[in-house]
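Okay, structure first, notes after.
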Amino acid sequence: MNGQKQWTRVAVMALLVLTVMAAEGGKAEKQGKKERKSDCGEWQWSVCVANEGDCGLGTREGTRTGTDCKQTIKTQRCKIPCNWKKKFGGECKYDFQAWGECDLATGKKNRTGALKRALMDATCAATVTATKPCGKIPKTKLQDAKKQKKEGKKRDRTQMD
């Protein structure tokens, strides 16, 4: 019985040694594959092109160079968010400040935005400026003038009666 326990221990130890050796051998093969992949250059991606319109789902094409590369061109699915400011590039997102005061000479107001995030290798400006028409001028003066007209009409009516 004692001899049987020793054989069991020896068999278990041998099995463990074989398992460890097999695991290390597999790692060596994987490292060899990684070394071969390093012959290939980094993927260079084009901008995302929407399938329909100027936002939503689309595709981008990637290319790389290398003598032993099996794959040098591939296509990847991508998405251009529809709520981003397309004027500044559909792949660039900016944090905008509040709108500035209205420039009465031009009739426009401005605000600047700092780059918040760029999608996949997009080339974006660090800051951008947006302009828009001032819109309606506050009605404080117009409302005062209307009140005076109404009061004048009331006086005229009371005099006629």
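Scanning region 67-82 for residues that are open to solvent by 70 Å² or more (accessible area, probe 1.4 Å), polar (S, T, N, Q) and at pLDDT below 90 turns up T67, Q71. Would you confirm whether any residue within region 48-66 is part of a loop (DSSP other than H, G, I, E, B), closer than 19 Å to E91 by Cβ, open to solvent by less than 90 Å² (accessible area, probe 1.4 Å) and in contact with a helix residue (DSSP H, G or I) (Cβ under 9 Å, 6 or more places away or on another chain)? For region 48-66, residues part of a loop (DSSP other than H, G, I, E, B), closer than 19 Å to E91 by Cβ, open to solvent by less than 90 Å² (accessible area, probe 1.4 Å) and in contact with a helix residue (DSSP H, G or I) (Cβ under 9 Å, 6 or more places away or on another chain): present.
Of the residues making up region 98-126, those that are farther than 24 Å from C78 by Cβ, open to solvent by 90 Å² or more (accessible area, probe 1.4 Å) and part of a strand (DSSP E or B) number 1.
Pick out the one residue from K85, K139 that is modelled with pLDDT under 85, open to solvent by 70 Å² or more (accessible area, probe 1.4 Å) and farther than 27 Å from Q44 by Cβ.
On the way: K85 fails: farther than 27 Å from Q44 by Cβ.
Result: K139 is the single residue among K85, K139 that is modelled with pLDDT under 85, open to solvent by 70 Å² or more (accessible area, probe 1.4 Å) and farther than 27 Å from Q44 by Cβ.
The values are calculated or read from the model by the stated rules, or taken from the named source; none is laboratory data. The model shown is predicted, which means the values in this text are computed figures rather than measured ones. Every residue, glycine as well, gets a Cβ built from its backbone with ideal geometry; the counts of neighbours run over all protein chains shown. For accessibility, only protein heavy atoms count, side chains too; no ligands or nucleic acids. Shrake-Rupley method; radii C 1.70, N 1.55, O 1.52, S 1.80 Å.
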